[in-house]
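Take a look at the structure below.
The values are calculated or read from the model by the stated rules, or taken from the named source; none is laboratory data. None of the values given here were measured: they were computed from a predicted structure. With ideal geometry, Cβ positions are generated from the backbone for all residues, glycine too; neighbour counts draw on all protein chains shown. Surface accessibility is based on the protein's heavy atoms, side chains included, excluding ligands, DNA and RNA. Shrake-Rupley method; radii C 1.70, N 1.55, O 1.52, S 1.80 Å.
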Amino acid sequence: MKHIVGYRCTICGAELPYDERMTCPRCGEKGILDIVFDYNYIKKGFSRESLAKDHNNSMWRYAPLMPLKPRDFSPFLRVGWTPLYPSRRLGAELGLRALYIKDDGINPTASLKDRASGVAVAKAVELGYDTIACSSTGNAASSCAGNAARMGVKTVIFVPQRAPEGKVAQLMIFGAKVVSVKGDYKATFDLSKAAIEKYGWYNRNAGINPILTEGKKTVALEIAEQLSWQPTDWVCVSVGDGCTIGGVYNGFKDLYELGMIERIPKILGVQSTGCCPFVDAAREKRGLIPAEENTLADSIAVGVPRNPVKALRAVSESGGKWIAVSDEEILDTMRVLGRTEGVFGEPAGVTATAGLRRAVKEGLIGSDETVTVISTGSGLKDVKNALRAAGSPTLCEPNLSALDASGIL
Ligand SMILES: *Cc1c(COP(=O)(O)O)cnc(C)c1O
Ligand SMILES: [Zn+2]
């Protein structure tokens, strides 16, 4: 592939050829790799002008910046090119110069994970695999199953027995072979790893596969293009494994290297106080240590993040900040985002916005600044917590006098 130079290990810096490997042989599982692109080669066919003429309204418009061979992407699900809404009320309430909301819950399986799964499925197809495997309780699994179903690729998904019904339902509908493991998440992950080694399926386990970050970076490419190559001062991202925030930074870095934007936005990494290994590490100026997974924002309840280097780099190199918010603030933000902007996010989906609200309160982000928040998943994924945030409807007999007496009007 002419647009790729090779891999670089994020730990030891070793340069490696671009092949099917996923981690650095010297550093083992921790040796997560960066894909090194040849920007001079890419520049020849990819620019603001070429994009302006491109009417492909999906993340595949950025295929020249993905680690894939050129191909026709029209058979795939339409991932990406999600709306970037200028805030109508919340930005003014917070006293910001401008606020934008990137609603990634609009993706085909209703989360930003579709960007990673779309690229993973494209890679599996390119390499000729007929089965993809993944272990997850949530959006990584459902997006993998959906995007693979579209392309006729089989999926084997490992979930812990206690996985939420709604998310399991999505998997069953997409025709995945769903293995419900009698054990916790770690036991589930370990079984999937052993099975992948035995059966040789394509591995879409979160964190280590460098392709996934390169899919997620398309959200940053879109934000920049949708803002006419003048991204906001800040971009706020909720963080679990760290793959999403790493991707956001990679996307802006690509555009900066290509001369398509003049500066990289500061990135605000947001976690729940119930599970915030990155925030703790930043505050105490030390490395990561395993944290409890004690938050209702299940998609970011990751005590041992598998992509720490890319996540830490995203915040430090962009001059950003880490911040944690309570589960109460997350539930309150579900309500606020729904009521002020019409955007319905799952708890992890609105965590970035909750972090923005706290950052404004603490004076970390000022009134002269512009901000984009990413809403990473739809609120319909987690109806139970939505009702917890918003309360129950008013019960009423079917006549007008009962309606008048109910007090709801
Ligand atoms: C996975 C996920 C995140 C966090 O992404 P990481 O790559 O794990 O940091 C945030 N929000 C939602 C809805 C997710 O599914
Ligand atoms: Zn290494």
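A few remarks follow.
- Residue check for residue 138: modelled with pLDDT under 95, under 20 Å from the mean Cα position of the chain (by Cα), closer than 19 Å to residue 240 by Cβ and not aromatic (Phe, Trp, Tyr): yes
- Residue in the stretch 165-177 that is part of a strand (DSSP E or B) and open to solvent by 10 Å² or more (accessible area, probe 1.4 Å) present: yes
- Segments classed as helices (runs of 4 or more DSSP H), wholly inside the stretch 254-357, with at least 3 members that are touching a Pro at 6+ places or on another chain (Cβ under 9 Å) and open to solvent by 10 Å² or more (accessible area, probe 1.4 Å): 327-341
- Within the stretch 216-248, the set of residues being farther than 23 Å from residue 97 by Cα and either crowded, with 24+ Cβ neighbours inside 10 Å or among the aliphatic types (A, V, I, L, M) (or both) comprises 216, 217, 218, 239, 240, 242, 243, 244, 245, 246, 247.
- Verdict on residue 5 being within 30 Å of residue 197 (Cβ to Cβ), more than 15 Å from ligand 2 (Cβ to nearest atom) and surrounded by 12 or more Cβ atoms within 10 Å (Cβ to Cβ): yes
- Here residue 341 qualifies as modelled with pLDDT of 95 or more and in contact with a helix residue (DSSP H, G or I) (Cβ under 9 Å, 6 or more places away or on another chain).
- Failed condition for residue 11, given (1) in a loop (DSSP other than H, G, I, E, B); (2) away from ligand 2 (no atom under 16 Å from the Cβ); (3) over 30 Å from residue 340 (Cα atoms): (2)
- Restricting the search to helices (runs of 4 or more DSSP H) fully inside the stretch 24-100 and requiring at least 3 residues that are open to solvent by 50 Å² or more (accessible area, probe 1.4 Å) and more than 30 Å from residue 342 (Cα to Cα) gives 39-43.
- Some residue of the stretch 382-395 being within 18 Å of the chain's Cα centre (by Cα) and open to solvent by less than 30 Å² (accessible area, probe 1.4 Å): yes
- Of the residues making up the stretch 14-62, those that are within 11 Å of ligand 2 (Cβ to nearest atom) and either without any contact (Cβ under 8 Å) to a residue 40 or more places away in the chain or of a type in the set (A, V, I, L, M, F, W, C) (or both) are 14, 15, 16, 24, 25, 26, 27, 28, 30, 31, 32, 33.
- Scanning the stretch 195-215 for residues that are open to solvent by 10 Å² or more (accessible area, probe 1.4 Å) and closer than 26 Å to residue 292 by Cα turns up 206, 208.
- Matching entry among 29, 49, 20, 15 (being in contact with a Ser or Thr (Cβ under 7 Å, 6 or more places away or on another chain) and of a type outside the set (S, T, N, Q)): 29
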